[in-house]
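Down below is the structure, laid out as C-alpha cells.
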Amino acid sequence: MKEIALELQKVTKVFGPVVANKDVDLTVYKGEILAILGENGCGKTTLMNMISGIYYPDAGHMFVDGKEVVIRSPKDAFKYRIGMIHQHFKLVDVFSAAENITLGVNDGRKYSLKAVNDKVFELSKRYGFHIDPRKKIHEMSVSEKQTVEILKVLYRGADILILDEPTAVLTPQETEKLFSVLRRMRDDGKSILIITHKLHEVLSISDRVAVLRKGEHIATVDTATTNESELTEMMVGKKVTLNIDRPEPENVCERLSVKGLTMTDEDGRKILDDVTFSANAGEILGIAGIAGSGQKELLEAIAGLQRVDSGEVTYTDPETGNLENLRDKTPIQIRDLGVRLSFVPEDRLGMGLVGNMDIVDNMMLRSYSKGHSMFLNRKDPQHLAEEIIESLEVVTPGTSTPVRRLSGGNVQKILVGREIASAPTVLMAAYPVRGLDINSSYTIYNLLTAQKQKGVAVVFVGEDLDVLVELCDRIMVICGGKITGIVDGRSATKEGLGYLMTKDDKHNDAKEKEDA
C-alpha cells in the first residue's frame, strides 16, 4: 500500500475576476515523481506556489502525512519538509555554493563552513550530484546553479520537492544527469512534483501525470499507460495533431550573409566571437545553444538593435539582386533600404509591443512615423487584428484591449502574427513559442514553414532540441559566442547538438592531448 505524502482537497485560488485554480484535488505518494501538465495559464505554477507557501489558497484543505496543515509562507512549507526549486534561480552570485545553501538557515548551532561543506559533500555523494561547495555562483554553469538550488532544499530537510520547468535551459546530457538524480531521490523515498511542457520528458521521468485545464484538475494517469496524443487531448480538450511538416527547400539562394561578426560588452568580454554564417531564402535555419551563449545578441545585431565591433552583415535584395550593408544601421534605416526584416524578440513587451496600446494600435506600430499602413497588402489593421485573434486563438475580450492585460502566451501570439503579416523576406524569431501551450506552438511552427515555402529566409532560435531537429533544414550551434557547428537538420541528433552546445576549445584540446 502506497503512503500518501501530500493531499489537496478542493483547493481554490482567485485573482480578482480570474479563477486560477478551482476545486483541485491532488494526491502525491511517497517515493514517486508526479508530473504536472497543462496549457499555458492553466494554473500549474499557482497551484505549486500554494503548496510551497508563496500564495495562500482562498478555499480548500492541505494534508501532509495525513495531517491537515496551514501553509502561509515558504518558512511554513519547510516546516512540513516542502521545498520548491523555481525556474528563475534565487542565488547570490558572489557567494559560494555552500554559503548560498545555508543562507537563512538557523538550526541553533554555531556556524561552521567546514561542517556545511561536509554535509553538502555527503548529500552530493548520496544522490549523484557533482558540485564543489567552495565554488562561487558567478563561476558556475546553469546546471551547476540548478544543483545548488536543489541542494538548498535538501539541506533544509525537504522530503517533498517541487521543480518548475527544471530542464528549460539544460542540454540533453545535463537533462539526463538531472533525471538520474531525481530517480535516486525518488528511490530514497522523496516525493517529487515536476512542472514541464515537454511531453517526451514527462513520459521519460514521471510515474504519474496530473493534467490541469483552465484551472481544474482533469485527471491523474499512470505514465506507463498513456501517450503524447492522449495527454495533449486531456490538456486541450480536443484532438490535436502533433506533426511538424518539413517540406524540401525550393529555390534556395543566399538572402543574408554574416561574416566575422564580433561584439564585446562593457567589461571587454566577447559576446560574439568571429561569427560567420548565411541564411537562405526558402529555408529554416535553426540556432541552438545554452541560454546566454549569444543567440539573442546575434539577432539583435542583425536587426540593428546592437552595435558590433567588427564584421559584415550583407543582405541580397530578392528583386534587384543588389547587396546592401546592414551593419551599424538602425532598424528604421534597414527598413528604409527596402529590406523587409522582421524580428520577434525574446522580450515581448520590452521590445516587441507597447503594453498600454491596444491590439489594433500594436498592429500599426511600425507605420506611425510614415503615416500609412506598413502592410504590403494594405489590409486594414482592425481586420488584421481580428484575423490574428481568430487564427491563433488569442484569448482577449476584444481588439481594443490593452496588450498588458493579456497573458504572456497571448501577447506572444499577437507579436508573432504581426511580424509574419508584415510580409518579410527575412524572419528572425527568438523563442517564438516560449510560454505558449502545445497547440499554439504547433500553429507557430506551421506558420514558419509556410513562410519558408513563400521564399522567406527564416532564422529560428529555439530551446527544444526535438523541435529544432524536426523543423529546421540546417541547425547552427553557438557556444560562448562562437559557432561550434552547422549541421543538416534531417541528419542531426539531440545528442550531437548537445555536445556542440557545450563544446569548449580548451577542454577539447586537453582531451585530444590526453587521447594522443
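For this structure, a couple of remarks:
- Treating each Cα of region 147-255 as one equal point scatterer and applying the Debye formula with no solvent, the log10 of I(q)/I(0) at q = 0.14, 0.15, 0.18, 0.19 Å⁻¹ comes out as -0.70, -0.77, -1.00, -1.07.
- By average C-beta atoms within 10 angstrom, highest first, the peptides 73-83, 180-190: 73-83, 180-190
- Loop-resident sites, region 254-296, for GluC sites (Glu not before Pro), counting at most 10 other Cβ within 10 Å (DSSP): E266
- Overall size of region 4-236 from C-alpha positions, given as principal axis extents largest first: 50, 37, 31 Å.
- Crossing angle, helix 113-127 versus the chain [Cα axis fit, 0-90 degrees, rounded to tens]: 80 degrees
- Counting 0.36 nm for each residue step from T276 to Q382 and taking away their Cα separation leaves a gain of 34.1 nm.
- Pairs from K67/K214; K145/K238; K259/K452; K270/K452; K135/K482; K44/K67 whose Cα-Cα separation, in the structure shown, is over 27 Å: K67/K214; K145/K238; K270/K452
- Cα Rg over Rh - region 73-189, Kirkwood: 0.93
- Among 306-314, 21-29, sorting by the average number of other beta carbon atoms lying within 10 angstrom of each residue, highest first, gives 21-29, 306-314.
- In region 193-253, the trypsin sites (Lys or Arg not before Pro) that fall in loop regions by DSSP, at most 15 other Cβ within 10 Å: K214, K238, K239
- Kirkwood hydrodynamic radius over Cα pairs of region 1-68, then Stokes diffusion coefficient at 10 °C and 1.306 mPa s, in µm²/s: 126 µm²/s
- Rounded to the nearest 0.05, the FRET efficiency derived from the C-beta distance between E250 and E68 at R0 = 60 Å is 0.40.
- Among the chymotrypsin sites (Phe, Trp or Tyr not before Pro) in region 93-145, those placed in a DSSP loop whose Cβ has at most 13 other Cβ atoms within 10 Å are Y111.
- Percent of Cα pairs exceeding the 22 Å cut-off, where the set is region 215-315: 55 percent
FYI, it's all coordinate maths here, none of it is from the lab. What you see is a predicted model, and the numbers here were worked out from it, not measured in a lab. Note: ideal-geometry Cβ built from the backbone for every residue, glycine included; neighbour counts use all protein chains shown.
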